[in-house]
Amino acid sequence: MRILFLDLDTLRADHLGCYGYHRNTSPNIDRLAGGGLLLENYYCADAPCLPSRAALLTGRFGIHTGVVGHGGTAADMRLEGATRGFRDGLVADSLPAMLKAAGLRTVTISPFGERHSAWWFHAGFAEMYNPGRRGMESAEEITPTVLDWIDRNAAADDWFLHVNYWDPHTPYRAPEEFGDPFAGDPLPEWLTEDVLERHQQAVGPHTAREVAMWDTSTTPRYPRYPGEIRSMHDLRRMVDGYDCGIRYMDDHIGRLFAALEQRGVLDDLAVIVSSDHGENMGEFGIYGEHATADHATCRIPMIVRWPGGRAGRDAGLHYNLDLAPTLAEMLGRPRAERWDGRSYAPAVLKGEDCGREYLVLSQCAHVCQRSVRWGSRLYMRTYHDGFRLFPQEMMYNLDQDPHEQVDVAPANRQLCREAVYRLNHWHDEMMASMESDVDPLWTVIKEGGPLHARGMLKEYCKRLEATGRGWAVAELRKRHPREFR
């Protein structure tokens, strides 16, 4: 059995052609999707990067592993304590460890472990190749290592190769000589001049007036990434930069497919394409960041082309942490006791509906939010607004409003109550099924709030006054008094 897992950082599903995007960003991924199963409602349980991959690799929610943020206590895997034996549990039940036990040679080509000091990321991998730039790599720095490995090992049997590309992540890094294949293409229809005008009044990090987080800084090395969006021209530069990152990466993926085909292994190869999270590209007035527990940030692509598996589309609700039990079932391995994930192997192998009734999504790196995704609805509950002045609860009808422009919570109090019931039921289950009595979301708040919303508010308020948004300062002072002490 040979498995290639393409882990494509910061990739929105709806910016791929196979998911309905109007731009030709992903011809190689699209061709693969035509012969595999495309999961339409696939979400990372915990966002962004570090919590998402912790959930993926452990098969567990962040509330169980303790990894829900990007800094402080909640950026470290919770220790097993007195119950730990000679080795910890990840040696047996991490995703790569399970694959290794199934007889596969497990290989990763990724800088992720070093980028976040997440050394647990390597648990279960027999070979690790670190490109060395901590996530600042462009595809041309990743592909030669992958091609070399393919050249030396593709013909062997029983391997799992994890390849991590970063090109859709900010700062959009496709080389200047790549050009702009989307220069003549329209922007997504929802991004109009009226929408941009509203976004220019939004407050908080990574909004239209401060794409660079707190200010408008840019670097000549990354000309595709603007520091501010003041016009439709700037908006085009932003969207084109992101889409060029996807297309440039897709070209390199095509090179991998060509090399595998040349060695005669592509047709029988299992290929999985997914991401750690999506990207706010205007949702909530946020640009170039994965900052919320919402549809834009948490929905990710998942394409599975499995030998003998079904092709088509699956509309069920699934988490990224469901991958470990799914692969275990398809490889005839037992389910690990600690996994929170649920196998969707019946969807891959038989086309059966095995989706969940609802999902709970978490974000504690930029804001502290938990959301409930069910039916066509997304309910969002905010515990720390990351200085974006979110209301405590919001709700969106994703069928009618996939970009979350109209908050329908005030007009749908009963539906909000239903969502809170689901959220409380999930939370009760999580707290009852772990040894710790601490919810790491509250650890983040007690330690000073999300890492990417610490220590800058006083200075940022001066910028708000200087840019005509001083109206927000009084409310920010009211909500976050300790930031002004």
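A few notes on this one:
- Rg(Cα) / (2.2 N^0.38 Å) computed for segment 2-367, rounded to two decimals: 0.95
- Where labels lie 7 Å past Cα in the beta-carbon direction, separation of residue 156 and residue 92 in nm: 2.7 nm
- FRET efficiency, residue 454 to residue 80 (Cβ-Cβ, R0 30 Å, nearest 0.05): 0.55
- Efficiency of FRET between residue 399 and residue 201 - r from beta-carbon atoms, R0 30 angstrom, step 0.05: 0.60
- Helical runs assigned H by DSSP (4 residues or longer) give the chain a calculated mean residue ellipticity at 222 nm of -9000 deg cm²/dmol, each run adding -39500 (n - 2.57) before division by the residue total.
- Projected-area mean, segment 360-445, by convex hull of Cα positions, square nanometres: 6.0 nm²
- Estimated inter-spin distance, residue 215 and residue 136, nm [label 7 Å along Cα→Cβ]: 1.8 nm
- Considering only alpha-carbon pairs that sit under 8 angstrom and 6 or more positions apart, the relative contact order computed for segment 256-389 is 19 percent.
- For residue 446, the lysines whose Cα falls under 20 Å of its own Cα, not counting residues fewer than eight places away in the same chain, are 458, 478.
- Using 0.36 nm per residue and subtracting the Cα-Cα separation, the extra length available between residue 177 and residue 353 on full extension is 58.8 nm.
- Peptides 250-263, 430-443 ordered by average Cβ neighbours within 10 Å, highest first: 250-263, 430-443
- Estimated FRET transfer efficiency when R0 is 45 angstrom, pair residue 462-residue 145 (beta carbons, to 0.05): 0.50
- Contact order relative to length of the chain, as percent, for alpha carbon pairs under 8 angstrom and 6 or more apart: 22 percent
- Computed label-point distance, nm, for sites residue 482 and residue 431 using a 7 Å Cα→Cβ extension: 2.0 nm
- For the chain, the membrane-span-like helices by this rule, meaning whole DSSP H stretches whose C-alpha atoms cover at least 27 Å of axis and whose Kyte-Doolittle mean is -0.5 or above, are 232-262; this says nothing about an actual membrane.
Laboratory data are not the source of any read-out in this text; all were calculated from the coordinates shown. Quick caveat, the model's predicted, so the values are computed rather than measured. Methodologically, a virtual Cβ is constructed for each residue, glycine included, from the backbone with ideal geometry; neighbour enumeration extends over all protein chains shown.
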